[in-house]
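In what follows, a structure is listed as structure tokens, so that the remarks can point back to it.
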């Protein structure tokens with residue numbers, strides 16, 4: 001199975017952002033937090049029920065909801 005969005009990525013995997021979908025305040029906030037096209041993201045962990053996700057991006061840690069992670073389209077490592 002190939003992951004197409006950030007919410008499908010296994011823990012420990014590093015991927016690159018391809019796009020952030022949507023044109024609403026949530027999408028804009030994800031871009032403001034550094035999830036811009038081309039940036040590398042490593043999924044550090046998931047809570048026991050899979051929400052939220054802990055990411056490492058641009059040298060800092062970020063937690064986002066799984067619903068928000070589904071908006072982040074990913075490309076190759």
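Helix-only estimate, please: 222 nm mean residue ellipticity of the chain, summing -39500 (n - 2.57) across DSSP H runs of length 4 or more and dividing by its residues, to the nearest 500.
Computed ellipticity for the chain at 222 nm equals -3500 deg cm²/dmol.
Match the structure shown to one of the listed values (1) 1.78; (2) 0.91; (3) 0.94 of Rg/Rh (Cα atoms, Kirkwood Rh), computed from it, and give that label.
Identified label for the calculated read-out: (2).
For a quick check: sort 19, 7 by the number of other beta carbons within 10 angstrom, fewest at the front.
Details: 19 15, 7 21.
Fewest-to-most ranking of 19, 7: 19, 7.
Suppose a student asked you for the relative contact order of the chain, using Cα pairs under 8 Å spaced at least 6 residues apart; what percent would you report?
Contact order relative to length: 41 percent.
Could I have the simple spin-label model distance between residue 31 and residue 63, label points 7 Å from Cα toward Cβ, reported in nm to one decimal?
Going by the 7 Å Cα→Cβ label model, 2.7 nm.
Where a number appears in this text, it was derived from the coordinates with a stated rule and is not lab data. Values in this document were obtained by computation on a predicted structure and should not be read as measured data. Because the Cβ atoms are built from the backbone with ideal geometry, glycine has one as well, and the counts that use them run over all protein chains shown.
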